[in-house]
Amino acid sequence: MKHYFVFLCCFCSSFLMAQTPLNIKDFGAKGDSSFKNTIIIQKLIDSANAVGGGTVLIPKGVFVTGTIKMKSNVCLFLERGAKLCGATDKSDYPLLSSKYKFVHDSVNITALIFADHVSNISITGYGTIDGVGGAPLFDYRNKIKLLPRPMIIRFVKCNNVLINGTTLKNSANWVQQYVVCTNVKIQDINVHSFVNKNNDGLDIVGGNNISISGSTIYADDDGICLKTLTTDPLEYVTITNCIIASNCNAIKMGTESLGDFKNIVITNCVIRKSGVMIPLYMRDIGLCGIALETVDGADVENIIVSDIVISGVYTPLFVRLGNRARGQELIAPDQKKVGTMKNIAITNITGIAERPPEASITGIPGHNIEGLTLQNISITIPGGYNKMLIVDTVPECEKDYPEVKMFGSKLPSYGLFIRHVRNLTLNNVRLYFIQEDVRPAIIFDDVKHVVLNNVKCNTTGQSKMIRIINSSDFSITLSGTLNTALAFLSLEGKSTSNIRISDCDLSLYKNAIDKTDELLIDSYKIK
């Protein structure tokens, strides 16, 4: 066997220097379920790297492998009809260590394809990589953990990465994770993974210059998830022209948020129902379409979300600034930093919600979301709720895990619940219900410097279109109900002031303004 591999390496070198792809079958690989091709594939990768680079080709057929490690200047190419399948023995997945460590890192990480601090690597071609993540060895319910469940791809601190055309399916864990990588291009891939817990479709953990485009991602957990697990930021990211179906959050940012998120564009995507139900969540729809969050001290700045069609979710939109502060004790034990969110534009969104809770945009007391624009937004909810809810019963949940259900099963507004926000613009916003709902369309609580222009909402004869609570400095123009309502505005709280209304048709309301006694008489003006 030793002499065979000496011959193999020499033979590889001559092929690589001629720029000829290395077909693994030419070096003894076998396409059957019992033969493991790990050593052969790894030797070819190593040999290609040794001569300056080359392509390792997986031909048509089914080839089983354990963990393989990518090296610089190597392309793993899967022909159409090729399938690379993960092995299902513990010995095939050694624990993987990296020079790069998370603040609260775990060494118990495994992956089918791994790369650490390498450059110019790619996985391309229209074949399939199957993690076989539903195998008994990877069962998350196993109380005796025989093996950390492997990802299909895990690349750490790599530069110039291309993932193109390939199908990734049936991961035992996250499908793919790119940790603080630079110059990453992920395009035209297909992901389908509903066989295990934590089946995120694509996770970007820090890094910069990252492009995700033209891909279809169906996942039982989050579809595309942006995170930072150290103080290293995530910057200059584009996500475009993708179709995403998730039983959790379709596109999510900031569940883990130690490092900053800046200069990120998400555009021209379709979010839809997965239609796949497994016992883990017992649902076949997602929690949220677009979730933007910071809870561990990160600054989120310069974010654009545009031209998204959303269906098959509880709620289309969730924006959250919280203060969980996980991991900060390991960075600066004496100083806990609350993150910021500012300069965010969400435009051209059409969303249909299937179930409550409703859309929310919330900071926490003393820490406001700043500079947020919602423009050309249409949200439709099922409706049908016939009770007013008390705003004070919505908890702050300052240190909780950020999720659409964190405030309870229902919110006191059917369209948007907005709290602790400064410098907010709502322009050309439409909020609809299918069945009549007596809750107001929008609630503003501790919100200042607001522009509402051309905001139109469904209401009932028993509902108030908008409730403004302890909030100030509003300019409201060309806005109103789409039918009839008890009141256009409900003004509440001693701090509510400087509400300016102009060019609004107030004839459809029993009372244009409904205000509590403690408000000053000049707290609002109608032109």
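The values are calculated or read from the model by the stated rules, or taken from the named source; none is laboratory data. None of the values given here were measured: they were computed from a predicted structure. We place every Cβ from the backbone using ideal geometry, glycine too, and count neighbours over all the protein chains shown. In case anyone asks, the SASA skips ligands and DNA or RNA and just uses the protein heavy atoms, side chains included. Shrake-Rupley method; radii C 1.70, N 1.55, O 1.52, S 1.80 Å.
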Check your understanding: Restricting attention to the stretch 119-135, which residues are open to solvent by 10 Å² or more (accessible area, probe 1.4 Å) and either farther than 15 Å from Ser33 by Cα or touching an Asp or Glu at 6+ places or on another chain (Cβ under 6 Å) (or both)?
Key -> Ser119, Asn120, Ser122, Thr124, Tyr126, Thr128, Gly134
Point to revise | Given (1) β-branched (Val, Ile, Thr); (2) over 24 Å from Thr459 (Cβ atoms); (3) touching a Gly at 6+ places or on another chain (Cβ under 7 Å); (4) part of a strand (DSSP E or B), index of the condition Thr347 fails | key: (3)
Review point. Hey, Leu506 hits all of (1) surrounded by fewer than 15 Cβ atoms within 10 Å (Cβ to Cβ); (2) in a loop (DSSP other than H, G, I, E, B); (3) not small (Gly, Ala, Ser) but one; which does it fall short on?
Key: (1)
Check your understanding: Within the stretch 187-202, can you find the residues that are under 19 Å from Ser122 (Cα atoms) and surrounded by fewer than 24 Cβ atoms within 10 Å (Cβ to Cβ)?
Key -> Gln187, Asp188, Asn190
Point to revise | Selection count where residues are within 12 Å of Ser246 (Cα to Cα) and aliphatic (A, V, I, L, M), scope the stretch 190-214 | key: 2
Practice item. Being closer than 27 Å to Ser378 by Cβ, open to solvent by 10 Å² or more (accessible area, probe 1.4 Å) and at pLDDT below 95 is the filter here, so list the residues in the stretch 278-306 that pass it. Key: Arg283, Asp284
Point to revise | Conditions (1) part of a loop (DSSP other than H, G, I, E, B); (2) basic (Lys, Arg); (3) under 17 Å from Phe318 (Cα atoms); number of the one not met by Arg283 | key: (3)
Check your understanding: Regarding Ile243, is this residue closer than 26 Å to Ile369 by Cα, β-branched (Val, Ile, Thr) and in contact (Cβ under 8 Å) with a residue 24 or more places away in the chain?
Key -> no
Practice item. Please identify the pairs in which a residue from the stretch 62-90 that is within 22 Å of Cys158 (Cα to Cα) and in a loop (DSSP other than H, G, I, E, B) has its Cβ atom under 8 Å from the Cβ atom of a residue that is among the acidic types (Asp, Glu) and modelled with pLDDT of 95 or more, counting only partners at least 6 apart or on another chain. Key: Gly66/Asp92; Thr67/Asp92; Lys71/Asp46
Check your understanding: Among the residues of the stretch 167-175, is any closer than 21 Å to Ile290 by Cα and part of a loop (DSSP other than H, G, I, E, B)?
Key -> yes
Check your understanding: Can Tyr126 be described as over 23 Å from Thr88 (Cα atoms) and in a strand (DSSP E or B)?
Key -> no
Check your understanding: Can you tell which of Val237, Val309 is open to solvent by less than 10 Å² (accessible area, probe 1.4 Å) and in a strand (DSSP E or B)?
Key -> Val237
Check your understanding: in a helix (DSSP H, G or I), under 30 Å from Val338 (Cα atoms), in contact (Cβ under 8 Å) with a residue 60 or more places away in the chain and among the aliphatic types (A, V, I, L, M) - does that describe any residue in the stretch 357-375?
Key -> no
Practice item. Return a yes/no flag: does the stretch 71-83 have any residue that is of a type outside the set (A, V, I, L, M, F, W, C), at pLDDT below 95 and within 27 Å of Ser215 (Cβ to Cβ). Key: no
Review point. Residues in the stretch 252-261: is at least one open to solvent by less than 10 Å² (accessible area, probe 1.4 Å) and touching a Pro at 6+ places or on another chain (Cβ under 6 Å)?
Key: yes
**Study point:** Residues (open to solvent by 30 Å² or more (accessible area, probe 1.4 Å) and touching an Asp or Glu at 6+ places or on another chain (Cβ under 9 Å)) located in the stretch 262-277
**Key:** Lys262, Asn263, Asn268, Lys273, Gly275, Val276, Met277
Review point. Is the stretch 94-108 home to any residue that is part of a loop (DSSP other than H, G, I, E, B), open to solvent by 10 Å² or more (accessible area, probe 1.4 Å), aromatic (Phe, Trp, Tyr) and closer than 18 Å to Arg149 by Cβ?
Key: yes
Review point. Got a sec? Which of Leu317, Leu321, Leu389 is under 30 Å from Ser463 (Cβ atoms), in contact with a His (Cβ under 7 Å, 6 or more places away or on another chain) and crowded, with 17+ Cβ neighbours inside 10 Å?
Key: Leu321
Review point. Quick one: would you say Leu202 is at pLDDT 95 or above and under 13 Å from the mean Cα position of the chain (by Cα)?
Key: yes
